[in-house]
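Novice: Dumping the structure here so I can ask a few things about it.
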Amino acid sequence: MNKRNEVSKGLRTLLSNIEKNNNPVEKKQLVKELANSVALISPEAIETNPYQPRTEFDNEQLLELAKSIKTSGLIQPITVRSLGGDKYQLISGERRLRASKLAGIKEIPAYIRVANDQEMLEMALVENIQRADLNAMEIALSYQRLMEECELTHEALSERVGKDRSTVTNYVRLLKLPPQIQASVKENKISMGHARALAGIDNLALQLKAHKECIEQHLSVRALESLIKSYQSKAPVSIKKAAPVHPEIQRIKDELSKSLGSKVDIQRNADGKGQIIIRFSSDSELNDIINVFKGVEI
């Protein structure tokens, strides 16, 4: 039996033991083991969550992610709930699941949850984060799991793990880096400091170029920051004067931003046509916005 089958068999046994065990202390330990284990699951064995608020996905972005997954693999595992046997229900990561199917991936990495284990899962993840041997990507993934699966804000998470909110935010930002850079962090080819510097580059081509030079030239964090500044100083600067915003439109923007807890933009032409854009930076913020709308009487 190969190592992959041994891991899968071990996880199945663990799930079975959790379901049968009524001892709180033993069950906590079993959930802790499960929380830190990644299984390889066929995408076809995973059903989507009917309560997932997000139903539309940008096809172009999905294709780009599928191409990236095909080249570099899936860095961030999805999270599923065991339904018994070899069936699972998706908890988080539908975009990653869809892109993996498009890429033709036969097995994808997944964290497995069991019913009613949220409190134990939270304790297990927080305890796991305190380990000294985790790399920056592993910490970032653990933070993201806590926020998504335990419905924690950045502020609440910072209190749970005893870190400043800015520290939590800096780690979570790493998950927005391209897979190639995430892989370099995971393999300790670059440090957290290098990754933070690269995360500050908005242009993807420059980001990948700086990453490549950093690896090839073994740049220190300070040297990488200087390189990035040299890129930015060469970039053409264009100053575009913003059109004045009507006071009433500005008032509406401010009220909406305050009510939703997120930045709101209103784009409107001279004919009165336009659109309202609500920005969010995480699934947790999206759910907060949806909950606000659910509470509005129509």
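Rule-based calculations on the coordinates, nothing more; no lab input. Nothing here was measured: the structure is a model prediction, and the numbers come from that model. So basically every Cβ, Gly included, is an ideal-geometry build from the backbone, and we count neighbours across all protein chains shown.
Novice: Residues in segment 176-194, backbone N under 19 Å from the label point at Tyr231 (7 Å along the Cα-to-beta-carbon vector): list them, ranges by number please.
Specialist: Under cut-off, by backbone N: 176-186, 189-194.
Novice: I would also like to ask the following. When a footprinting reagent is the concern and you count Cβ atoms within 10 Å, what order do Ile252, Ile46 take, fewest first?
Specialist: Neighbour counts put them in this order, fewest first: Ile252, Ile46.
Novice: Run the quick spin-label model on Ala183 and Val245: label points 7 Å from Cα toward the beta carbon, then report their separation in nm to one decimal.
Specialist: A separation of 4.2 nm, rounded to one decimal place.
Novice: Calculate, in nm to one decimal, what Phe280 and Glu159 gain on full extension: separation in residues at 0.36 nm each, minus their alpha carbon distance.
Specialist: 41.4 nm
Novice: What is the distance in Å between the Cα centroid of segment 129-176 and that of segment 66-106?
Specialist: The two parts, judged by their Cα centres, are 21 Å apart.
Novice: Turning to a different aspect of this structure: Provide Lys209, Lys273 in ascending order of the number of other Cβ atoms located within 10 Å of each residue's Cβ, fewest first.
Specialist: Lys273, Lys209
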